Structures are given as C-alpha cells and as structure tokens.
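The values are calculated or read from the model by the stated rules, or taken from the named source; none is laboratory data. Bear in mind the structure is a predicted one, so any value in this text is a computation, not a measurement. Cβ coordinates were reconstructed from backbone atoms using ideal geometry, including for glycine residues, and neighbour counts include every protein chain displayed.
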Amino acid sequence: MTTIGRHYKLLRRVETALRLGLDVKTHLVPADDASLEYLARLLKYPSGTELLLSLRSCMKETRTMFESLLRSLK
C-alpha cells in the first residue's frame, strides 16, 4: 500500500471511530482528555498522545508530498 493509501486509511478509521464510538458528526479530534483516550483505545493506540503524534506525522508527511507534487506541476 502506498504512503497516501496508509494515511487515507488512518484518517478514515479516525473519522469512523469519531462517528460510531463517540457519536459525533465531526472531523475534529476531541480536545478533552477522556474522549481522546477513548478514541485512542478504539483505534488500538496505547494513548491519546500516541494517536495525536501519529495523526500529526501523517498529516505532515501528506502535506509535504502534496506540496512536492504541486511544485512539480509549475
């Protein structure tokens, strides 16, 4: 699976867990610790902090790839 594919899969899993596990219709990761920890457990992460680190890394890497792609189109 490609990097973009893995990132997309992770973000869709988070979105699904938000909808089903926390019963919220949002794309925002919860700010409160209890909800974040619950979301992390649903997604099989050891902690909310680890989930946030993974999401931030995923988003940063995806942004870098898209920026590189856009630069190559100039």
Requested in this report: For MET59, indicate whether it is surrounded by 10 or more Cβ atoms within 10 Å (Cβ to Cβ), hydrophobic (A, V, I, L, M, F, W, C) and farther than 15 Å from LEU11 by Cα.
Outcome: no
Requested in this report: Working only within segment 1-54, note down all residues that are among the hydroxyl-bearing types (Ser, Thr, Tyr), in contact (Cβ under 8 Å) with a residue 12 or more places away in the chain and under 29 Å from GLU67 (Cα atoms).
Outcome: THR3, SER54
Query raised in the report: Where in the chain are there helices (runs of 4 or more DSSP H), lying wholly inside it, with at least 2 residues that are of a type in the set (S, T, N, Q) and at negative phi?
Result: 3-21, 48-72
Requested in this report: Quick one: which residue in LYS9, LYS44 is within 10 Å of the chain's Cα centre (by Cα), at pLDDT 90 or above and surrounded by fewer than 16 Cβ atoms within 10 Å (Cβ to Cβ)?
Outcome: LYS9
Query raised in the report: Restricting to segment 20-74, what's the tally of residues that are hydroxyl-bearing (Ser, Thr, Tyr) and within 24 Å of THR2 (Cα to Cα)?
Result: 7
Query - Scan of segment 12-41 for residues that are of a type in the set (Gly, Ala, Ser) and at pLDDT below 85, ordered by number - result: GLY21
Query raised in the report: If you take the residues of segment 12-41 that are loosely packed, with under 12 Cβ neighbours inside 10 Å and among the basic types (Lys, Arg), which of them is nearest to GLU61 (Cα to Cα)?
Result: ARG12
